[in-house]
1. Tell me which residues, restricted to the stretch 360-388, are away from the ligand (no atom under 15 Å from the Cβ) and either open to solvent by 30 Å² or more (accessible area, probe 1.4 Å) or within 17 Å of the chain's Cα centre (by Cα) (or both).
2. Within the stretch 172-192, how many residues turn out to be crowded, with 23+ Cβ neighbours inside 10 Å and either acidic (D, E) or touching a residue at least 40 places away in the same chain (Cβ under 8 Å) (or both)?
3. For the stretch 335-359, which positions are open to solvent by less than 30 Å² (accessible area, probe 1.4 Å) and either assigned to a strand (DSSP E or B) or of a type in the set (D, E, K, R) (or both)?
4. For D192, only one of the following conditions fails: (1) more than 16 Å from the ligand (Cβ to nearest atom); (2) part of a loop (DSSP other than H, G, I, E, B). What is its number?
5. Evaluate the stretch 178-200: report whether one residue or more is farther than 26 Å from N373 by Cα and among the polar types (S, T, N, Q).
6. Only one residue in L146, L221 is of a type outside the set (K, R), open to solvent by less than 30 Å² (accessible area, probe 1.4 Å) and under 22 Å from S378 (Cα atoms). Which one?
7. For the stretch 99-156, give me each residue that is more than 22 Å from S31 (Cα to Cα), charged (D, E, K, R) and in contact (Cβ under 8 Å) with a residue 12 or more places away in the chain.
8. Do you know which residues across the stretch 395-429 are open to solvent by 10 Å² or more (accessible area, probe 1.4 Å) and either without any contact (Cβ under 8 Å) to a residue 12 or more places away in the chain or not aliphatic (A, V, I, L, M) (or both)?
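The values are calculated or read from the model by the stated rules, or taken from the named source; none is laboratory data. This one's a predicted model, so the numbers in the text were calculated from it and none came from an experiment. Cβ sites come from the backbone with ideal geometry, for glycine too, and all protein chains shown count toward neighbours. Side chains are part of the model used for accessible areas, which takes the heavy atoms of the whole protein and leaves out ligands, DNA and RNA. Shrake-Rupley method; radii C 1.70, N 1.55, O 1.52, S 1.80 Å.
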Amino acid sequence: MCGIAGYIGEQNAKDIVINNLKKLEYRGYDSTGIAVLDQDISVIRAKGKLVELEKKLEDESAPGHVGIGHTRWATHGKPSDENAHPHRAEHVVVVHNGIIENYLEIKHNLINNGAQFSSETDTEIIPLLIEYNMQRNGLDFEQAVLSSIAQLKGSFAFAAMSTTEPEKILVAKNASPLIVGIGNNEMFLASDIPALLEYTQDVVILEDHQMAILEKDQLTLKDFNNTELDYQVKKITWSRIAAEKDGHKHFMYKEILEQPRAIADSMRSRISKQAAKVSLSELDGMDTDKFNKIVFCACGTSYHSGLLAKQWFERYLRIPCDVELASEFRYNDPIIDDKTLWVGISQSGETADTLAALHEAKDKAATCLAICNNMDSSIARAADYVLYTQAGPEIGVASTKAFSTQLSVLAMLCVHMLQAKSKDKVSELVHAILHLPEAVQQCIDLNLKLAPLAQKYMQYSSFLFLGRGDAYAIALEGALKLKEISYIHAEAYAAGEMKHGPIALIDQNMPVMAILGEGIHQEKTLSNIEEVKSRDAKVLIVCTEQQVQDLKLDQNYDCLLIPQCHNFIRPILENIPLQLFAYHVADQKGLDVDQPRNLAKAVTVE
Ligand code: M6R
């Protein structure tokens, strides 16, 4: 989970590579580096974020029209100048994303043959191995790269340059993403598409087991057996502005505000008011009748989408559903077969655990459906069917619009499958979904001024989030948002579980965020609120204005309001004030909202 950038052409490579790395910093930001090839290779690296590298570059001219760069999320070796990429051998320099699993074995062999290492990383074996293959085995740069790849086990996307062939960048991909952008007499390289959009909309998305040779006016694609391959240049239609901040202080805030648009885009041409039905043409050919079980599998926020989906699918479809953490799934010998619909949910489409879980599900003959935001991502390509969310690029590390669009697509999937069984409820649910963009906008408008509330609560060090039924998934998501960007400890419990332990924590120092829900859940959650109130907790409640009035809620409670809506879409709305609350707390604390410590946007290693 690092970011790779590269450039070859006629412009100054350093400026373009640095600019592209800025867009890739969400993938990791504990150290950065750049290598530019002119007569020789200049390597400049810095511990910390890209600004630290930029400071160093003020004193370095680093001229050249060929360059590669890297922004790192440490796996092997702590963040430091020495462990930052690029790593260099005599003639070769490399940046790498992924993990080389057999690096120790290769490292020992290289050391026995006189190689000297200067970092603790797994990556450093790549340039040293290529160098070894060039010097000892007399191979040219390209052959040496191919021969080195044959020895590597694990996941990698890497880019290499050599002083022996200064007009080329060689790249290779296995299980980590890599995109080549095609310009006019120039080529670009990045770990994702948005990083390239400022320069080109024409891209080639590398597949696993492919290597590419970038020259300024030519791209050659090969497999790892040195066989030349045809490739397709894709035109990307995302606007560049969609990947930028649009005048807001943080990407996260912009992305929260974008949700009505993102949901509407995700619904477009999939749901019809006139026909009162959902049509997911992407699922043509899928025999939905044959499934006797659905497994939702994901990590983090996407896992919370799966938890809510289970509630919906079991309630309306009466099909047993499991929700699995992707990081656990393949180690538990899951009970699935050809009658299982396995649904992998992933914004990035690159989460290593979710991808590995998908392979496990495929091996066990399940039908695999991916719900992804990133077009042509690894998970999307490996699945049998894909439903794309249309959130557009999500840059803030904390997932917001990706979650809302995942839930919108899952809601449509639920209705799509229901239509095949019964007409009951379909029209009602379709209308509820159609109301979503407007209802989410109302919800945002109701909660735009949460900054003073955030100020009131920002000094607390622990929060408890409570919810029942559908709202339990939202409580988990609300707690995750608060902890990941504001570094406040937050735990979520199904409200009925509180008496079984967590109530011991309650006192005046532990605010409780209760998601009220409705019907039987409202009644029961109200009792839980009374219990925490009588133990001096500060209470915040997510509810409607109508509930505040009808239930005569205590004026000391801080209410985060949502509009009246159908209970099917209610949890999607309940999540919006929790996003804004977490955002304002983190912002008031002066924290780095878009790039919280220790995290990365896409977790592409296990
Ligand atoms: O790209 P994915 O949806 O597969 O990512 C899964 C998690 O890493 C992600 O949701 C993570 O939990 C977010 N930081 C939450 O805001």
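1. E360, K362, D363, K364, A365, D384, Y385 - these are the residues of the stretch 360-388 that are away from the ligand (no atom under 15 Å from the Cβ) and either open to solvent by 30 Å² or more (accessible area, probe 1.4 Å) or within 17 Å of the chain's Cα centre (by Cα) (or both).
2. 10
3. T340, L341, W342, V343, G344, I345, S346, E350, D353 - these are the residues of the stretch 335-359 that are open to solvent by less than 30 Å² (accessible area, probe 1.4 Å) and either assigned to a strand (DSSP E or B) or of a type in the set (D, E, K, R) (or both).
4. All conditions pass for D192, except number (1).
5. yes
6. Result: L221 is the single residue among L146, L221 that is of a type outside the set (K, R), open to solvent by less than 30 Å² (accessible area, probe 1.4 Å) and under 22 Å from S378 (Cα atoms).
7. K107, E131, R136, D140, E142, K153
8. S399, H416, Q419, K421, S422, K423, D424, K425, S427, E428
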